[in-house]
Amino acid sequence: MYCKICGTENDVTLYLQKGVQHLCTMCAQDTPKKVTKENFCKAFFNTTPDNVKRSILNEFYDDYRTSSCNLKEYIDACTMRE
């Protein structure tokens with residue numbers, strides 16, 4: 001088992017509240033709680049998962065889950081919203 005963010009195999013635990021991810025202690029401290037894929041899709045694409053091409057949704061959602069951003073920070077970083 002390895003950390004989904006930094007790749008280390010040391011001190012890795014499954015964190016359900018962080019988006020069901022295996023994280024080391026250090027990355028877990030920097031990673032905020034993640035929203036579900038459905039809630040991510042509603043906020044990021046302004047629609048339901050059924051209306052977004054699965055590969056695109058998965059790419060963005062996986063990137064969000066392995067970031068140290070909360071949802072608002074991630075959306076701001078990926079879009080030109082102000």
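Each value in this text was obtained by applying a stated rule to the coordinates, not by laboratory testing. Quantities reported herein were computed from a predicted structural model and do not represent experimental measurements. So basically every Cβ, Gly included, is an ideal-geometry build from the backbone, and we count neighbours across all protein chains shown.
Once you put a point 7 Å from the Cα of residue 47 and another 7 Å from the Cα of residue 2, both along the Cβ direction, what distance in nm separates them?
Distance between the two pseudo-spin positions: 3.5 nm.
Got a sec? Charge dipole of the chain, +1 on Cβ for Lys and Arg, -1 for Asp and Glu; which of 3, 66, 16 is way out at the positive end?
It is 16, whose Cα lies furthest towards the positive end.
Would you mind pulling out the separation of the Cα centroids of the range 32-52 and the range 1-19, in Å?
23 Å
Over every pair of different alpha-carbon atoms in the chain, take the mean of 1/r and invert it; report that Kirkwood radius in Å.
The answer is 13.2 Å.
For the pair residue 13/residue 79, report the inter-label distance in nm, with labels modelled 7 Å from Cα in the Cβ direction.
Here the answer is 3.4 nm between the modelled labels.
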